[in-house]
């Protein structure tokens, strides 16, 4: 294994960048209950609120209350005693509201503070993280109704500490409050908040006030509101409401997207031995959401990609994100991290729920495919960043929202489950939830739950996997001689930064077509293990259960990999065999493996084989014909799309007729791949044929069309780019912008003006940093004039997002 590059001071580029120590927030007051009356000004994008907070000192006597309140106008602060109110003195610095109480209160005293205020979210300087791209807290979508492509909506996003933009509160995860929110809106709008809808009162001014109440305590960052014209699609789990809120156009497909929710509630409740604890569960899809989804208590919010038409359902399987947010209702909402340093106690469990649900619904092979993607996601990040899972030393709390907290955390839980066994694993989770429900926790409490159940000291496991950075890098060798199999294991990770791991696992050996599992316990930098074996092994599979989070090199012969594909019946070893054999596709035995893989019952293996065959240069016509048939007839749209992508990499085969046939496929993903194939094949005479696709409700297809038109479109497509750009979102928008920039290279500077103005506005003001980057890159492609260089320099100079500033500093064009 090659060690990573180092930076000038000699430390590896991935070594922990230690920030200041970030302790759990000190609890001076206990926030007990919040009552909020709120209404909105769409024109100004303001919220007018009246909040009454019930509090008491946490332990020590207090005469001052400090609340988080970001960017507000504070109109009034009063002490509430019964029906009377008394003005209180306060100071306010646009971030914290410092209130002088009327006397010193002790921990046996409860008091109420009333605050009248105006929230002005758009006057804040927005920041964010890779997972949550903005922290404005309160969002007005298409507030003036001027965009025909977007609904008018209001919604909130509180994590990490952004709810204090629209609600004065103690915005820390170790606080817990019950709440009631009275939301006043025009009667045409539907509202959603935490808990149950208690009443909906019509007012004399054509408005309605909805009263939402949550009577069990949760952390302030989990409070939410949403307002818009939504269809409410009802469902049920046992005696509890399970509702799906979507725009009316998607009413008829909402249940197809979210309909597994009751089954998930049942599965997770039984698996954890604890029923879903809240009084309802709602899921709402909003426009322009700043994350994939958010697990607000009883009311999860999802990005708009989960709204699909019937044709879009063919490519859509959103079970993973639905399961993720639902599992948070136990891990994150019921039991909550006490500080952002402990974020994996929320996110690792939510990520692992995706594995659990996939295993339950589609089998272990499908779950292992999901788990491998998690491992690869973490390892990609680990090339430049290796931190402990639980880390109090960070530079910004938003840094916690990374592939460590999510992907690595989920894989660590999988190893823990594998080590202690299913019975102990789920019993310990039940004890953890039962002991700590409605409280905040740190990682030691999770460890102690497992120790109480198993009777084993697990400090070694938690120290190396939760509290230390990095992962094992293992070199494995095996030899056979004189009836003995010897397996050598060397830990190659840099022990100056990363521990020497203890790794209990199994070495699986096939001999005479029989599998035997040998338990071993690796705990040294180099170890050998010897096993009596009467005949040379057909295959040695290190970590036979394929549960280890590690980088492993274990050289094998082609014959061993061929045997591995045909005999392990496990996803990860079969995929590894395809990856290792792809360079040998001239060998008839290897070709036979790929032909078998292309007929595998598990669709992901078929897709993996297609990916491994990209840029195939051999001349087995039967194999190529097999891929062509998959492109047109495979029952899985993902496989059909992947087959088209593979065909587009072949230089010796004309597949233009296949792409043409695929243009009529029922799947948008397949149609988009077919268009990309036509670009690769340089088939440039199909603009009239493709133009009708512009009417489809699919951003994937629009993104693909933008790529085709960038090469082959004429002046008539200029207005299409401008109008379609308004409809694009997320990653599809990023790639659309790249293609638009390429198209503009063919447009005269005089004609470019309208597009340049639009791209400049996106590059300066779009909510999502990578979309701003896409617009900046499109400007670069459009022109290299002095005026454009000056414009780009100004955009760079005024950018405030640290992530994008860092990217700009490394762009050389």
Within region 465-479, of all residues that are in contact with a strand residue (DSSP E or B) (Cβ under 9 Å, 6 or more places away or on another chain) and not in a strand (DSSP E or B), the one surrounded by the most Cβ atoms within 10 Å (Cβ to Cβ) is 471
Unique residue being closer than 26 Å to residue 400 by Cβ, modelled with pLDDT of 95 or more and either in a strand (DSSP E or B) or not assigned by TED's automatic domain parsing to the domain that holds residue 726 (or both) when the list is 66, 77
66
Residue check: is residue 696 closer than 30 Å to residue 718 by Cα, in contact with a helix residue (DSSP H, G or I) (Cβ under 9 Å, 6 or more places away or on another chain) and surrounded by 14 or more Cβ atoms within 10 Å (Cβ to Cβ)?
yes
Exactly one of these conditions fails for residue 264: (1) under 30 Å from residue 164 (Cα atoms); (2) under 20 Å from the mean Cα position of the chain (by Cα). Give me its number.
(1)
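Residue-by-condition table, conditions (1) touching a helix residue (DSSP H, G or I) at 6+ places or on another chain (Cβ under 8 Å); (2) buried (at least 19 other Cβ atoms within 10 Å of the Cβ); (3) farther than 16 Å from residue 169 by Cβ:
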site	(1), (2), (3)
13	no, no, yes
21	no, no, yes
28	no, no, no
36	no, yes, no
46	no, yes, yes
52	no, no, no
59	no, no, yes
70	yes, yes, no
76	no, no, yes
Unique residue being free of Cβ contacts under 8 Å to residues at least 12 places away in the same chain and either at positive phi or not assigned by TED's automatic domain parsing to the domain that holds residue 404 (or both) when the list is 107, 83, 96, 39:
83
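I need a count of the residues in region 400-451 that are outside any helix (DSSP H, G or I) and more than 28 Å from residue 381 (Cα to Cα).
Kept after step one, since they are outside any helix (DSSP H, G or I), are these residues of region 400-451: 401-403, 421, 437-442.
Those still in the list that are more than 28 Å from residue 381 (Cα to Cα) too: 421, 437-440.
Count: 5.
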Quick check: anything in region 489-511 under 30 Å from residue 601 (Cβ atoms), free of Cβ contacts under 8 Å to residues at least 60 places away in the same chain and either in contact with a helix residue (DSSP H, G or I) (Cβ under 7 Å, 6 or more places away or on another chain) or not in a strand (DSSP E or B) (or both)?
yes
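Being touching a helix residue (DSSP H, G or I) at 6+ places or on another chain (Cβ under 9 Å), without any contact (Cβ under 8 Å) to a residue 60 or more places away in the chain and surrounded by fewer than 16 Cβ atoms within 10 Å (Cβ to Cβ) is the requirement here; does residue 457 meet it? Can you show your working first?
Values: touching a helix residue (DSSP H, G or I) at 6+ places or on another chain (Cβ under 9 Å): yes; without any contact (Cβ under 8 Å) to a residue 60 or more places away in the chain: yes; surrounded by fewer than 16 Cβ atoms within 10 Å (Cβ to Cβ): yes.
The answer is yes for residue 457.
Kindly establish whether residue 345 is outside any loop (DSSP other than H, G, I, E, B), in contact with a strand residue (DSSP E or B) (Cβ under 6 Å, 6 or more places away or on another chain) and more than 22 Å from residue 571 (Cα to Cα).
On the way: outside any loop (DSSP other than H, G, I, E, B): yes; in contact with a strand residue (DSSP E or B) (Cβ under 6 Å, 6 or more places away or on another chain): yes; more than 22 Å from residue 571 (Cα to Cα): yes.
When the stated conditions are applied, residue 345 passes them.
Yes/no matrix, rows are residues, columns are (1) within 14 Å of residue 691 (Cα to Cα); (2) surrounded by 17 or more Cβ atoms within 10 Å (Cβ to Cβ):
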position: 707; (1), (2): yes, yes
position: 726; (1), (2): no, no
position: 738; (1), (2): no, yes
position: 744; (1), (2): no, yes
position: 751; (1), (2): no, no
Note: among 375, 416, just one is in contact with a helix residue (DSSP H, G or I) (Cβ under 7 Å, 6 or more places away or on another chain) and in contact (Cβ under 8 Å) with a residue 60 or more places away in the chain, namely 375
Consider residue 386 carefully, then state whether it is assigned to a loop (DSSP other than H, G, I, E, B), out of contact with any helix residue (DSSP H, G or I) (no Cβ under 7 Å at 6 or more places or on another chain) and closer than 27 Å to residue 24 by Cα.
yes
Search result, residues across region 756-788 that are assigned to a loop (DSSP other than H, G, I, E, B) and either within 15 Å of residue 740 (Cβ to Cβ) or under 23 Å from the mean Cα position of the chain (by Cα) (or both)
766, 767, 768, 783
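For region 432-450, which residues satisfy the criterion of being free of Cβ contacts under 8 Å to residues at least 40 places away in the same chain and buried (at least 17 other Cβ atoms within 10 Å of the Cβ)?
If we filter region 432-450 for residues that are free of Cβ contacts under 8 Å to residues at least 40 places away in the same chain, which is where we start, we get 435, 444-445, 447-450.
Listed by number, the residues that qualify are 445, 447, 449, 450.
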How many residues does region 1-52 hold that are part of a strand (DSSP E or B) and modelled with pLDDT of 90 or more?
21
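Name the one entry in 541, 549, 533 that is closer than 26 Å to residue 374 by Cβ and free of Cβ contacts under 8 Å to residues at least 60 places away in the same chain. Step through it out loud before you land on a result.
Values: 549 fails: free of Cβ contacts under 8 Å to residues at least 60 places away in the same chain; 533 fails: closer than 26 Å to residue 374 by Cβ.
Within the list 541, 549, 533, the selection yields 541.
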By residue number, the members of region 236-264 that are closer than 26 Å to residue 423 by Cβ and either in the same structural domain as residue 154 (by TED's automatic domain parsing) or buried (at least 21 other Cβ atoms within 10 Å of the Cβ) (or both) are 264
Every listed condition ((1) in a helix (DSSP H, G or I); (2) under 19 Å from residue 734 (Cα atoms); (3) touching a residue at least 24 places away in the same chain (Cβ under 8 Å)) holds for residue 791 save (2)
Of (1) assigned to a loop (DSSP other than H, G, I, E, B); (2) crowded, with 16+ Cβ neighbours inside 10 Å; (3) in contact with a strand residue (DSSP E or B) (Cβ under 9 Å, 6 or more places away or on another chain), residue 534 satisfies every one except (2)
Only one of these is modelled with pLDDT of 95 or more and closer than 18 Å to residue 505 by Cβ: 602, 529, 594. Name it.
529
Residues located in region 553-565, provided they are surrounded by 16 or more Cβ atoms within 10 Å (Cβ to Cβ) and either free of Cβ contacts under 8 Å to residues at least 24 places away in the same chain or within 35 Å of the chain's Cα centre (by Cα) (or both):
554, 560, 561, 564, 565
So which strands (runs of 3 or more DSSP E) stay within region 106-207 end to end and still have 2 or more residues that are surrounded by fewer than 19 Cβ atoms within 10 Å (Cβ to Cβ)?
111-119, 177-186, 196-202
Restricting attention to region 290-324, report how many residues are part of a loop (DSSP other than H, G, I, E, B), within 14 Å of the chain's Cα centre (by Cα) and modelled with pLDDT of 95 or more.
3
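The values are calculated or read from the model by the stated rules, or taken from the named source; none is laboratory data. What you see is a predicted model, and the numbers here were worked out from it, not measured in a lab. Positions of Cβ are backbone-derived with ideal geometry, glycine not excepted, and every protein chain shown enters the neighbour counts.
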